[in-house]
Amino acid sequence: MRRSLISLCLARPGSGRAGTDHPGVSRLPSDRRSSARVAWFCLSGLLPVLAACATSATSAQAPVALASQVDLPRFMGDWYVIANIPTFLEKGAHNAKDHYELAPDGSIATTFSFNADAPAGPAKSYHSTGYVVAGTGNAYWGMQYFWPIRADYRIAFLSPDYQQTVIARDQRDYVWIMARTPQIPEADLTRLTAFVQAQGYDVSKLQRVPQVAGPGHP
C-alpha cells in the first residue's frame, strides 16, 4: 500500500488542537511532558525524509494485516487500552482510553485520555483527527496530530462483535491492544498477543496498561 512520506511519522497522542488537562490540572503548555512532546514531534517530522534516503529492515517486511472491513459507526465510542508498546507519552499511564467520534465529513475525532503515573494521578487528554484512506475497507487511517503530518494507524484486527481490536503500524514500533471493557480474559490477551507477534512485533516490549477505577480517572 502506497503512502505519502508524511504518513510515516512517529505517532500518537497529540494534535494541532491544544491538549488539555482536566479541571484542577495545569494546562499542557506548562507541563514538562508537553515540552518533550513538541520536541519529539519536531524530530519525528524529519524521520520520513531520512527513511526515503535509506533502506531499513522495516521496508523488507510485508505490511501488517488489515481488518477486512470496518463499519465506522459501529467502531466509534470508547476503547480501553489493555496492553501496548507505548510511546514515551504513554509510559506510566493508567486507565488509558481512546474515544472515537465520526464527524459529518467522514473524519474521526479522537480523544486519548489517561491518569498519569497512578490510578488517580493527574488526568490527561490529547486530541487528534483520523482520516480514512480510501479503498482500505476503513481499516487504514492517517492520524493527524498537527498539520500536515498524518501518522500510520492501522486497524490490524477487529473481532466480529467489535469488542476487541489491535491497532498497529507498519514500522512495528508501537501497538495497542484495546477492548470495549477495561478488563478482558487472559486467554483473549494471550491470543491477541500471539496475533501481534505474528505481525512481526517484538512482544517482549508489550506492556499491560493498568485499568483501575479511582477518583479522577478519565
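Every number in this text was worked out from the coordinates using simple rules, so none of it is lab data. The shown structure was predicted, so the numbers you read here are calculated from the model rather than taken from an experiment. For neighbour counting, all protein chains shown are included, and Cβ atoms are generated from backbone atoms with ideal geometry for every residue, glycine included.
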> Would you list D117, D152, D170, D188 from fewest to most Cβ contacts within 10 Å?
Replying inline: D117, D188, D170, D152
>> Students often forget the sequence filter, so: which aspartates and glutamates lie under 16 Å Cα-Cα from K97 once same-chain residues fewer than 8 apart are removed?
In response: D21, D78, D117
> So for the pair S159, A60, with labels modelled 7 Å out along Cα→Cβ, what separation do we get in nm?
Replying inline: 3.7
> Among H99, H127, which comes first, then next, by fewest other beta-carbon atoms within 10 Å?
Replying inline: H99, H127
> What list of ³J(HN,Hα) couplings, whole Hz, do you get for segment 111-124 from phi and the Karplus terms 6.51, -1.76, 1.60, once you set θ to phi - 60° and write x for glycine and proline?
Replying inline: 10, 9, 10, 6, 9, 7, 6, 6, x, 10, x, x, 7, 10
> Each residue of segment 197-206 in turn: what ³J(HN,Hα) in whole Hz from Karplus with 6.51, -1.76, 1.60 and θ = phi - 60°, glycine and Pro shown as x?
Replying inline: 4, 5, 7, x, 7, 8, 6, 5, 8, 6
> By count of other Cβ within 10 Å, fewest leading, how are W147, W79 ordered?
Replying inline: W147, W79
> Using modelled backbone amide H atoms (1.01 Å from N, in-plane), which distant-in-sequence or interchain residues come within less than 5 Å of F157's amide H?
Replying inline: A67, V166
